[in-house]
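Below: one structure, written as structure tokens.
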Amino acid sequence: MRISILLITCILLVFTSCTPPTDKVERPGKPTIYNVRTEDAEMNHAMKQGKATLPKFLTNISKPDSTISNPAVKVHYDDGEQREFLWIGDPVFEDGQWYGTVDNTPEYTTQVVAGQKVRIDTTVVVDWNYTKDNRLEGGYTVKLLRDRMTPEEREEFDQSTGWIFDKQ
């Protein structure tokens, strides 16, 4: 059974220009949203890492490997005022295009809904992840946000995902 990546039980990412460096939006029964400034150098670096290593991800998920689970990419949807980053899970290559399913319930964008099958434009992918033997691979933005959590939040997060994180 596929572990829902609701990223990560999960982390949605919204870029705004007027919020504190990491402003949380708690939603009853839904994953927490972390608002991040567009000028956040660490987050921009994490997204550059995700973009730069996307070919590795696409190659790895294209090969049969029973130790890889929960592949997903993070893409942005822009409504002109805010950019919301959502995880698209279960990417598959069909007819020369990548497709996947929206894993998160959007808070701001009305362009997509949770569970919707969408075409993945690889030019707007900013991160990717999968687990291999329960170890998180990729997930550069996830790892950064996890590092910014309080020890209590991090422990709860780790327990909720069951993932193993390498020491940074």
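Does VAL25 meet the test of being under 24 Å from SER160 (Cα atoms), at pLDDT 75 or above and in a strand (DSSP E or B)? No.
Would you confirm whether any residue within region 56-78 is out of contact with any strand residue (DSSP E or B) (no Cβ under 8 Å at 6 or more places or on another chain), over 20 Å from PHE165 (Cβ atoms) and among the hydrophobic types (A, V, I, L, M, F, W, C)? Scanning region 56-78 turns up no residue that is out of contact with any strand residue (DSSP E or B) (no Cβ under 8 Å at 6 or more places or on another chain), over 20 Å from PHE165 (Cβ atoms) and among the hydrophobic types (A, V, I, L, M, F, W, C).
Out of curiosity, is GLU155 among the charged types (D, E, K, R), more than 22 Å from LYS63 (Cβ to Cβ) and exposed (fewer than 15 other Cβ atoms within 10 Å of the Cβ)? The answer is yes for GLU155. The residue that is nearest to PHE57 (Cα to Cα), counting only those in region 77-123 that are of a type in the set (Lys, Arg) and surrounded by fewer than 16 Cβ atoms within 10 Å (Cβ to Cβ), is ARG119.
Close contacts from region 150-168, counting a first residue that is over 20 Å from GLU42 (Cα atoms) and a second that is at pLDDT below 90, with Cβ to Cβ under 6 Å and a gap of 6+ residues or different chains, come to SER160/THR9; THR161/ILE8. With a requirement of 3 or more residues that are farther than 20 Å from PRO55 by Cβ, the strands (runs of 3 or more DSSP E) lying completely within region 83-148 that satisfy it span 83-94. Filtering THR161, THR150 for residues that are farther than 24 Å from ILE61 by Cα and among the polar types (S, T, N, Q) leaves a single hit, THR150.
For every residue, the table says whether it meets (1) on the phi > 0 side of the Ramachandran plot; (2) under 14 Å from the mean Cα position of the chain (by Cα); (3) in contact (Cβ under 8 Å) with a residue 40 or more places away in the chain.
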position	(1), (2), (3)
LYS30	no, no, yes
ILE33	no, yes, yes
MET43	no, yes, yes
GLY50	no, yes, yes
THR53	no, no, yes
THR59	no, no, no
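The values are calculated or read from the model by the stated rules, or taken from the named source; none is laboratory data. Quantities reported herein were computed from a predicted structural model and do not represent experimental measurements. Positions of Cβ are generated from backbone atoms using ideal geometry, with glycine treated the same way; all protein chains shown enter the neighbour counts.
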